1. Under a Cβ-Cβ limit of 4.7 Å, which cysteines in the protein assembly as shown have nobody to pair with?
2. What does the C-alpha gyration tensor say about the overall shape of the range B:218-267? Classify as rounded when a/c is under 1.5, otherwise prolate if a/b is larger than b/c, or oblate.
3. Any idea what % of Cα-Cα pairs in the range A:229-273 are farther than 14 Å?
4. What is the interface area between chains A and B, defined as buried accessible area summed over both chains with a 1.4 Å probe, reported in Å² to the nearest 100?
5. Mind checking the per residue accessible area of the range A:23-144 for me, 1.4 Å probe, whole number of Å²?
6. Considering only A:Ser15, A:Phe73, A:Asn153, whose Cα is most displaced toward the positive end of the charge dipole of the protein assembly as shown, charges sitting on Cβ of Lys, Arg (+1) and Asp, Glu (-1)?
7. Do me a favour and compute the ellipsoid semi-axes for chain A from its Cα gyration tensor, root of five times each eigenvalue, largest one first, whole Å.
8. Keeping the other protein chains in place, figure out the carbon and sulfur percent of the accessible area of chain B, with a 1.4 Å probe.
Amino acid sequence: MTIHETSAIHGMAESDRLRSRRLRNRIRHEAIQLGIVALVVVLLGILAYAVKAGLAEKGIRFSFSFLANTAGFDISEGWTLTSGEGVVPSLAQFSSDMSVASAFITGIFNTVKVALLAIVLSTILGTMLGVGRLSTNWVVRNLCFWIVEFVRNTPLLIQLVFWYFAVVLRFPPMASAAKLYGGLIVSQQGIYVPTLSWSGGVSILSLILVTATWVSVLGAVFDPVRGMRRICIATAVVCLGLLIATGGMTVDFPVANKFKASGGTSISPEMAALLLAVVVNSASFIAEIVRGAIDALPKAQWEAAGSLSLSRRDTVNDIVLPQVFRVVLPSFGNQYISLTKNTALGIAVGYPDLFNIYGTIANQTGHSLEGIIIVMASYLILSWIISSAVYWANRRLNPIGVSR
Amino acid sequence: MKLLKILTAGVFAGVAFTAANASASVLDTVKQRGVLNCGTDNTAPGFGYLNTTTGQMEGLDVDFCKAVAAGVLGDASKVKFITVTDKSRFDAVLTGQVDVVFAHTTIKPARESSIAIDFLPINFYDGTGLMVKADAGIKEFADLDGATICTTQGSATETVLAAAFKARGWKDSKVLTYENLEKLFSALNSGRCNAMSTDRSALAAWAGNAPKPADYLILPETLDKSPFGGFVVANDSKWRNALRWIEYGLFQAEESGITQANLAEKLKSEDPFVQKFLGSNGGGYGKDFGLSDDFIAQAIKAIGNYGEAYDRNLGPKTKMYLDRKGTPNALWTQGGAIYSPLWN
């Protein structure tokens, strides 16, 4: 046998042994994993049994059947799903003769309403603050710095109570609330804005105008040809004006009554305060994310833009921000999730969000454990939806291979 | 494997512990602990209120807590006040955070049938009322069509208002709920709420405690009755019965004319009824309840009889003054509903 042959046989045996060892390792590995899973399942089962037995001992029935009961209480604002006519569910104002499940849906609706608005507004405000902190203007830079510092370092709950009792409830009462420019009413009972509504008649002229309005609005949003945005916005305004002038649409102005205003659309003081608090708070964190990302950008990007004699504004809009947004999106996602969870503080000012309505339900029905399970599951699902939306947007902005 | 054994052993021990714990009466737990955990409000003047000038808890509910501590532990100071809100009070009892709650709670069937608590006897008869700012031009409930009415979250008032709106067909009226009476009152003052609705006694108390009581008007209507009672965890009759009879003892003491001032003298009384009632000559009622013989005497020593406690907290000398005469809160001998079963 040559040395070569020996080593070949040796090598074969070795690779056999290696293979069987790998197999053994894998079996052991999987067995341990299976064991852990089984253990967790058993422990959860024992825990569930113990909870159920403990509750039964105290005479509490664990059941979700209370969801079908009539609620019996009112909710100050919010819409819920009703079966309506036929199978298609329709939106309707919640009333006390609807079911407990409808009350939960109203709570989810109110939470989502505030969260969505807050996500949009805090992104805009936060980006502005973040860019503002790097402004060359001393006043702007310091103003943004102090706003961000102050808001980030005080508790959100205290900010919320401040916005509600010290700002929103200091608006004039409905009786003396002046109608501001454009029919806007700002009062303690809420902020009322005029709405546009379809007057009913359909003519060729109004159809053309509506189509033109939509096309220009879409044009303004997507800006297909650079610099067309302003023209699109102007066209949309002119078309809308013509629609109203020709009677195709009417403006529904709010009218102040004894206790509240009718007509138009309104934001309740509770929602206004919660929105303000959450938006300002979240924006200050977003500002820090944006500032950090801009700081991390190579200085050469600014210098290159400068050497092309681009203005600062153009540099920020066309060179800095497009690069920054690729980086910050995942951090924004985290911010959106914590913002959504923070809306649960609405209870402090009486805003009927999901957590607030849970409190009422738990007290009127006595099923607080079942209720909190529903509430936790709802927040979990909301967070999942947000993070998958952000993931999707991130994938769109950063295709695989560029950066992830 | 060792870990698994420890874990399962731990879980089984936990289950066994909860089971063992559930069968013991709260009465034994309280006696063992030596302190009564009593759930009260601290924002309801006259019932459970933290007096900011003295730093002391005061009110009718607070006095009942002290009476229970005196009756069970023989010392009125062995009570720890734990603040509960309208929303948290039931869970506080269910989770064992407090032993008993006295927090102006309305007795309602749904609360005993599905929340798994047992109510104690009614210790105050109240009704749901409404309060507005005097300058708002509102004189009666009918003026409030379309208004925003505020109340506390989780209260019985919430359902009473919803039913009242339904009955009158008011579509635009809204109920706004706040965490506690303090926020409710500041929302009324700011003008956010056109009316504040809760039990009439609480309305009187908040108006009475305000810098200018004349700024507020309590509307004449009473929307619904609201009898107040303390409550304990369900299915613990040993604990519930002990507390029930301490409460009845306070009612009976007023009827029999036994007061904080004349207690020492009554303890020497030769009257066999008084002797047995106060447990002064051995053989009181206490033993059968698992309490000391003189448990009623201890409770009276702590807070006086029911009438004395009422006068101290809600009587003519207080800012909120709620007259007992002609109301169910008067003793049954004066046409009221405060009534103790027989003591013989």
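The values are calculated or read from the model by the stated rules, or taken from the named source; none is laboratory data. Remember, predicted model here, so these are calculated numbers, not experimental data. Cβ coordinates were reconstructed from backbone atoms using ideal geometry, including for glycine residues, and neighbour counts include every protein chain displayed. Heavy atoms of the whole protein, side chains included, go into the accessibility calculation; ligands, DNA and RNA do not. Shrake-Rupley method; radii C 1.70, N 1.55, O 1.52, S 1.80 Å.
1. Among the cysteines of the protein assembly as shown, those whose Cβ sits 4.7 Å or more from every other are A:Cys144, A:Cys232, A:Cys239.
2. The shape class here is oblate.
3. 67 percent
4. That pair hides around 3800 Å² of surface in total.
5. Accessible surface, normalised per residue, equals 60 Å².
6. Farthest along the dipole direction, towards plus: A:Ser15.
7. 48, 38, 24
8. Solvent-exposed carbon and sulfur of chain B make up 54 percent of the total.
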